[in-house]
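The values are calculated or read from the model by the stated rules, or taken from the named source; none is laboratory data. Since the structure is predicted, the reported quantities are computational estimates derived from the model, not experimental observations. Here the Cβ positions follow ideal geometry from the backbone for every residue, glycine too, while neighbour counts run over all protein chains shown. To get the accessible areas, we keep the full protein, side chains included, count just its heavy atoms, and leave off ligands, DNA and RNA. Shrake-Rupley method; radii C 1.70, N 1.55, O 1.52, S 1.80 Å.
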Amino acid sequence: MSGRTPAAPVATPRRLLMCRPQYFDVSYSINPWMDPGKPVDTTLALLQWEYLRDLYVRLGHTVELIEPLRGLPDMVFAANGATVVDGKVLGARFRHVERTAEGPAYLEWFLRHGYRDVLWPDAVNEGEGDYLVVGRKILAGTGFRTDPRSHAEAQEFFGLPVVGLQLVDPNFYHLDTALSVLAEDQVMYYPGAFSPGSLAVLRTMFPDAIEASESDAGVFGLNAFSDGYNVVLPQAAAGLIEALKARGFHPVGVDLAELLRAGGSVKCCTLELR
Ligand code: ARG
């Protein structure tokens, strides 16, 4: 433990963008969780997603919706659609051709909703899948999806320090599957997902962080959304739920098992409009 005690958790209302999983399916495989041979229950995915959306509203957040597009089964994972900080929008450019059309679709939503400071990126980046804002810094994943050249592009565009982190485990292919921002100065993460150097960086920046077990990370327990106090996360992440309670947070477990078949959960479905 460092000498600094983190501030007591306080919730602040957020604006979130979500996309109904109307056309959700696992018809291709671009991460180890996706098995196109197994049938997907789209109705169940819709019910689980609606529960999450209603929960956000009950917690006092505003949820905006983007229209899902046929033929884009992963569009439900709104976190990947952009990165939004201080009203500035860095568009997403996807790694895989199966998802490329989502980039312009999300960008168009922002243009139609009055956002003017919008950048169509040069480098591949998968939005908040790999960019996580913590206080006035941005943590940035690379290794599987987002190109490290995007980190410089994001730093220049937002004018905030971008700290690059190397992901090494294909099961945790986006930063938001391996690390979760809890508050301005607090995170939780799975050490096994990071290269030794990146892990050392995390330990320097966040000496008091909650470290997730392999089993909690394996049920996507780190794919969580926090408003500073309420932490919405997969209910199967029992160890993290206890650790969060011990720190004064209010964990709220949800079941998004059907979406996990595509390698996504709570945070993946949620793009924060800052
Ligand atoms: N099937 C999607 C993909 O592999 C899942 C995206 C999950 N989103 C996230 N923010 N981690 O791209």
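For region 136-153, a residue qualifies if it is within 16 Å of the ligand (Cβ to nearest atom) and not in a loop (DSSP other than H, G, I, E, B), and the qualifying residues are ILE138, LEU139, ALA140, GLY141, THR142, SER150. Within region 108-133, count every residue that is open to solvent by less than 40 Å² (accessible area, probe 1.4 Å) and either within 16 Å of the ligand (Cβ to nearest atom) or among the basic types (Lys, Arg) (or both). Result for region 108-133: 10.
The set of residues in region 1-19 that are open to solvent by 70 Å² or more (accessible area, probe 1.4 Å), among the charged types (D, E, K, R) and assigned to a loop (DSSP other than H, G, I, E, B) contains only ARG4. Selection within region 160-200: residues that are within 12 Å of the ligand (Cβ to nearest atom) and in a loop (DSSP other than H, G, I, E, B). The member of this set that is farthest from LYS137 (Cα to Cα) is TYR173.
Of all residues in region 52-66, those that are under 19 Å from TYR229 (Cβ atoms) have Cβ atoms under 7 Å from Cβ atoms of residues that are in a strand (DSSP E or B) and of a type outside the set (A, V, I, L, M), 6 or more apart or on another chain, in LEU59/ASN230; THR62/ARG15. When restricted to residues that are of a type outside the set (A, V, I, L, M, F, W, C), surrounded by 14 or more Cβ atoms within 10 Å (Cβ to Cβ) and within 16 Å of the ligand (Cβ to nearest atom), region 28-55 contains 5.
Restricting attention to region 1-27, the residues being away from the ligand (no atom under 14 Å from the Cβ), in contact with a Gly (Cβ under 8 Å, 6 or more places away or on another chain) and over 27 Å from GLU211 (Cβ atoms) number 1.
May I ask you to say which residue of ALA140, ALA92, ALA105 is open to solvent by less than 30 Å² (accessible area, probe 1.4 Å), free of Cβ contacts under 8 Å to residues at least 40 places away in the same chain, in contact with a His (Cβ under 6 Å, 6 or more places away or on another chain) and not hydroxyl-bearing (Ser, Thr, Tyr)?
Checking each option against the conditions leaves just ALA140.
Taking first residues from region 242-255 that are closer than 10 Å to ILE210 by Cα and partners that are open to solvent by 70 Å² or more (accessible area, probe 1.4 Å), the Cβ contacts under 8 Å between residues at least 6 apart in sequence or on separate chains come to LEU244/HIS250.
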